[in-house]
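Written below as structure tokens is the structure these notes are about.
The values are calculated or read from the model by the stated rules, or taken from the named source; none is laboratory data. The structure presented is a predicted model; accordingly, all values stated were derived computationally and were not measured. Please note: Cβ atoms are built from the backbone with ideal geometry, for glycine as well, and neighbour counts cover all protein chains shown. With ligands, DNA and RNA removed, areas are computed over all heavy atoms of the protein, side chains included. Shrake-Rupley method; radii C 1.70, N 1.55, O 1.52, S 1.80 Å.
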Amino acid sequence: MIKKGMTRQIVLHYFLVVFLTILLVEMVFLFAIRTYYYDGISNYLQSSFDNTNAPTNPRDLISTYTLDKAEVQVLDLKGNVIQNSTPFRLDKPIQTGDIPQALTGSTGRWIGKQAGTGEDVMAVTRMIQINGDKSYLVRYVTSLELVNQKLFYITLVSTGIGIIILIVVLIVSVGLANSIVKPINNIINVSTLMAKGDFNVRIKGNYPHEIGDLASTLNYMADEIVQSNQVKDDFISSISHELRTPLTGIKGWSETLVSGGFDPEETKLGMSIISKETDRLIGLVEEMLDFSKLQQNQMKLVMGEVNMKELLQETMLNVWAKAEQKHISLSLQPGERPFIVYADGNRLKQVFLNLVDNAIKFSPDGSTIALMITEMAPDKVRISVKDPGIGISPEFLEKVKDRFFQVNPNQGGTGLGLAITQQIVKLHEGEMHIESELDQGTTVSVDLPLLDNQQQAG
């Protein structure tokens, strides 16, 4: 017994469709076979009429129309039997359906049971005229028992074949249903475990077609959830570590200053450290907010025309004091013409501030950092930040843009800077490329689409 569920539904539907189809085919087939045999007998009896000339004497009708395996009856126009080729006599007029048909001039045919014997027979009757004057009905009656017996055997064979087909269909449909239901049950079980929080389970097996797509989608979903949880954990761990350092400095100097007894220089130093660590906290919070907005696709851009030369000059002014602390020079190669892009100026400035800040952080004292603007195509500009710093090893080059990744964790930071930078560049339909060689320096390039001349003129 098949349990309730999809398996039963699939098997029943297939079985019902095939059963109705076989039933219809069987009915049509048996009707066609029966018609074929009966028409063959009828044509054989009628051919005797067509191939025999009517006698001139009514008493010769029986001998003239004698036919093997058929009883010959001669009737008057009222259906009374006048002559019969067998000893069997009928006292009543024959009133079967072939008589009225024959009286109209056509050949009448009737199939039914013989009166008195109950035997299945076929009767074929035609009206015959003797010497163009007197009319009689000549009637052939033949038994259908042998034909019906053969038809019965054919029916049994065809029914047996139909049953065999139904059994095969039942077996195939059960196998087909299981091939669909078992993977679905497996997916349901794994999904239930995922719903309970176990995202390490996976749907195993190579399933075809839509079921395979569903399994792949659920596995992909689990991978994404695991990755998201890992990102969350890394985020909390990284931010907790980064927040602890400035908060420790602020708390320590605050408690020290509250205790009093310091000269103005020490007080000024303490306040300077508190201010510096506060700015660092503000930067961390802004970085977290930007990361959160980018993760949720909620960062809104205020678009407008931006002159890249002016934006890079402002960027250099913002980081000039930090560069001076390491005696690093900043040079700008602005290109041959103004390069105007349609962008959010503040967000692009954030991109290049981060890139130049990283260049300063990892470059040796007294070095030079170059900012270059190059026309890549009539509709594209490249802004590059090149430093002679420590560089990045090949195994880390593809990972530096990942969230929370840091080549040197001792340098501090959340590891979100380049990840945020890359996302902002993508929001501007641009691309970011990093070329680096260990101990030789790094070049970070940002490609952005230019406004065409017509748009700039407008």
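Give me the accessible area of Asp50, 1.4 Å probe, in Å² rounded to the nearest 10.
Taking all protein chains as shown, Asp50 has close to 100 Å².
How far, in degrees from 0 to 90, does helix 209-259 lean away from the longest principal axis of the Cα atoms of the chain, to the nearest 10?
20 degrees
Helix 264-295 against the longest principal axis of the chain: what's the angle in degrees, Cα atoms only, rounded to the nearest 10?
Once rounded, the angle reads 10 degrees.
To the nearest 10 degrees, how steep is helix 417-427 against the longest Cα principal axis of the chain, on a 0 to 90 scale?
Its long axis makes an angle of about 50 degrees.
How big is the charge dipole of the chain about its Cα centre, in debye rounded to the nearest 20, if each Lys and Arg gets +1 on its Cβ and each Asp and Glu gets -1 on its Cβ?
So the magnitude is around 2660 debye.
Tell me the accessible surface of Lys361 in square angstrom (1.4 angstrom probe, heavy atoms of protein chains only), to the nearest ten.
70 Å²
Taking a probe of 1.4 angstrom, what is the accessible area of Ile111 in Å², to the nearest 10?
Its heavy atoms expose roughly 60 Å² to the probe.
Using amide H atoms built in the peptide plane, which far-off residues or other-chain residues are under 5 Å from Glu119 H to H?
Gln114
Under the definition of Cα pairs under 8 Å and six or more residues apart, what whole-number percent is the relative contact order of the chain?
Details: 593 pairs, mean separation 42.4, N = 458.
Computed value for the chain: 9 percent relative contact order.
Taking θ = phi - 60°, what integer Hz values does the Karplus form 6.51 cos²θ - 1.76 cosθ + 1.60 yield along segment 141-158, in sequence order, with x for Gly and Pro?
10, 10, 6, 10, 4, 5, 5, 5, 5, 5, 4, 5, 5, 4, 4, 4, 5, 5
What order do Glu437, Glu314 take when sorted by accessible area (1.4 Å probe), most exposed first?
Glu437, Glu314
Got a sec? Charge dipole of the chain, +1 on Cβ for Lys and Arg, -1 for Asp and Glu; which of Phe88, Gly108, Ala195 is way out at the positive end?
Phe88
Could you sort Asp198, Asp279 by accessible area so the largest value comes first, with the probe set to 1.4 Å?
So the residues, ranked largest to smallest area, are Asp279, Asp198.
Order Asp357, Asp213 by their accessible area, 1.4 angstrom probe, all chains in place, largest first.
Listed by decreasing accessible area, they come as Asp213, Asp357.
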